[in-house]
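Structure record follows, encoded as structure tokens.
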Amino acid sequence: MTRIDGPALVTGANGFLGAAVVRALLAAGALERAFVRAASDRRNLLGLDVEIVLGDLTDRDSLAAAVKDC
């Protein structure tokens, strides 16, 4: 797997597949930023060392804030 130096943004990180991607990236040593909707169930991310960023893909401002420094 390629080494990721900066944070990686995972959209839909709280879902079944998104959480698996987060876990794989964490195992590879990447810093994670999880992009989730405010009302989303985040149980799949419990106990993981990730930064939770609230937003929606249809909201340009929240997406721009989420990708900053990625």
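What follows is calculated from the coordinates using simple rules that are stated; it is not laboratory data. Keep in mind the model is a prediction, meaning the values are calculated, not measured. Glycine gets a Cβ as well: all are built from the backbone with ideal geometry, and neighbour counts include every protein chain shown.
Taking Val21 as the residue in question, decide whether it is under 13 Å from the mean Cα position of the chain (by Cα) and more than 15 Å from Cys70 (Cα to Cα). Against the criterion (under 13 Å from the mean Cα position of the chain (by Cα) and more than 15 Å from Cys70 (Cα to Cα)), Val21 qualifies. The set of residues in the range 21-42 being among the charged types (D, E, K, R) and closer than 22 Å to Ser62 by Cβ consists of Glu32, Arg33, Arg37, Asp41, Arg42.
Just to check your reading of the model, which residue among Gly29, Gly12, Gly6 is free of Cβ contacts under 8 Å to residues at least 40 places away in the same chain and more than 9 Å from the chain's Cα centre (by Cα)? Before the answer, list the steps.
On the way: Gly12 fails: more than 9 Å from the chain's Cα centre (by Cα); Gly6 fails: free of Cβ contacts under 8 Å to residues at least 40 places away in the same chain.
Only one candidate passes the filter, namely Gly29.
Restricted to strands (runs of 3 or more DSSP E) entirely inside the chain, those with at least 1 residues that are among the hydroxyl-bearing types (Ser, Thr, Tyr) and surrounded by 17 or more Cβ atoms within 10 Å (Cβ to Cβ) are 8-11.
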